[in-house]
Structure formats: C-alpha cells, structure tokens
Amino acid sequence: MAAFAAGDLDAFGQLVGRYRDAIVHFCRQMTPDWHAAEDAAQETFVGLFRCRERYTPTAPCRALLYRLARNACIDAARRRRPAEEAPTESADPRPTPAATAEARAEAAAVRCALGRITALQREVLVLAHFQGLTYTEIAGALGVPVGTVCSRAAAGYRALRRALGG
C-alpha cells in the first residue's frame, strides 16, 4: 500500500489481485446478489484509488479495504429500490421458490439484526463469521488488541441474539 500511495500503479494492481476475492465475498455477505456485490467491490477499489494520497502507513491496508467495502455496501443499500431486491428466477441457483423465499427471509433478518448492533461489533462479527478471519487476524486488521476483538465479538453475538429475538 505504501508503494501505491507513493504513485506506483503496479502496486495497486497487486492490491486488487490480493484482496479482490475476499472483498467480493465480504460484499456478498452484505448485499442481496452477486451483481450488487461486484459493484460494491468495484466501488471499494475505486475508493482505495481515490484515497491513496491520504493513506497513513500506521493504518492497516486490509482494515481500510474492509471499511471502504462496508461503506460501499451501505451506499448500495441506500440506492437500491424495493423492486431491485428480488432477482429474477433465472439468476437464483436454489432449486425452489420456497427455498429462495426462506433463505431470503433468514438473510434479511440477519442483515436487519446486524444493522441494530454497533458498527464496531458488526465489523468484528462479519470479519469473523463471514470472512473466516481469526481474532488475531482481526486485531491486526483493525489495529486493536486481541482482547478488544474478543470483547466486541462477545458483546456483538449477545446483541445479535437479542436483535433476532433469541
């Protein structure tokens, strides 16, 4: 990231190559379909390109990318109209409409519940549960101690259970 911030465009290509799949997967967990996830991931890297001159080497690049991705997903959700939330039958890989409806209802409930917990808790839960990062990796990405990650995760899971009515 330091090389890219200094103007090395090849370094940007390397960052995209290294983090693209993880960012798309993260966006997929935060948005309703692959098209929205791809768009949010693209916006993430556009945002990274735009903020390169303000990058400080003390901030972890990975944390910055996930922050940009989260913001891109939030922006996409704000722009999305209700009619766009239901993909066409041909775009859905699930075998039945009933399974699709059930999965969508569960995903919507989790997304809604995630929206009710603090941003710090949500970030830790998404990185741990959906991205599969260890608490040590999350601590490194966020620049906080592992104990802080553990406490945010525990509080987040409690808050998520309450938000889901459990």
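The values are calculated or read from the model by the stated rules, or taken from the named source; none is laboratory data. This structure is a prediction, so every number in the text was calculated from the model and none was measured. Note: ideal-geometry Cβ built from the backbone for every residue, glycine included; neighbour counts use all protein chains shown.
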> Assuming Ile117 fulfils every condition listed in (1) free of Cβ contacts under 8 Å to residues at least 12 places away in the same chain; (2) part of a loop (DSSP other than H, G, I, E, B); (3) more than 26 Å from Pro57 (Cβ to Cβ) apart from one, which condition is it?
Replying inline: (1)
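When the stretch 143-166 is examined, which residues are found to be assigned to a helix (DSSP H, G or I) and either of a type in the set (Phe, Trp, Tyr) or within 22 Å of Thr31 (Cα to Cα) (or both)? Spell out the reasoning first.
Applying the first criterion (assigned to a helix (DSSP H, G or I)) to the stretch 143-166 yields 146-163.
Of everything in the stretch 143-166, those that are assigned to a helix (DSSP H, G or I) and either of a type in the set (Phe, Trp, Tyr) or within 22 Å of Thr31 (Cα to Cα) (or both) turn out to be Ala153, Gly156, Tyr157, Ala159, Leu160, Arg161, Ala163.
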>> Looking at Ala5, Ala36, Ala11 in this structure, which one is under 30 Å from Arg152 (Cα atoms), at pLDDT 75 or above and not β-branched (Val, Ile, Thr)?
In response: Ala36
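Based on this model, can you work out whether Cys73 counts as surrounded by 14 or more Cβ atoms within 10 Å (Cβ to Cβ), assigned by TED's automatic domain parsing to the domain that holds Phe45 and either modelled with pLDDT of 85 or more or of a type outside the set (Lys, Arg) (or both)? It would help to see each step written out before you state the result.
Values: surrounded by 14 or more Cβ atoms within 10 Å (Cβ to Cβ): yes; assigned by TED's automatic domain parsing to the domain that holds Phe45: yes; either modelled with pLDDT of 85 or more or of a type outside the set (Lys, Arg) (or both): yes.
Yes: the conditions hold for Cys73.
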> Hey, Gly147 hits all of (1) under 30 Å from Ala5 (Cα atoms); (2) at pLDDT 80 or above but one; which does it fall short on?
Replying inline: (1)
>> Anything in the stretch 130-142 that is surrounded by fewer than 16 Cβ atoms within 10 Å (Cβ to Cβ) and in a helix (DSSP H, G or I)? List them, or say none.
In response: Phe130, Thr136
>> Criterion first (modelled with pLDDT of 85 or more, over 14 Å from the mean Cα position of the chain (by Cα) and either of a type in the set (Phe, Trp, Tyr) or farther than 30 Å from Ala103 by Cβ (or both)) does Arg50 satisfy it?
In response: yes
>> Among the residues of the stretch 81-102, are any touching a helix residue (DSSP H, G or I) at 6+ places or on another chain (Cβ under 7 Å) and at pLDDT 75 or above?
In response: no
>> Condition first: touching a residue at least 60 places away in the same chain (Cβ under 8 Å) and not small (Gly, Ala, Ser). Now tell me which residues in the stretch 1-50 satisfy that.
In response: Met1, His25, Phe26, Gln29, Met30, Pro32
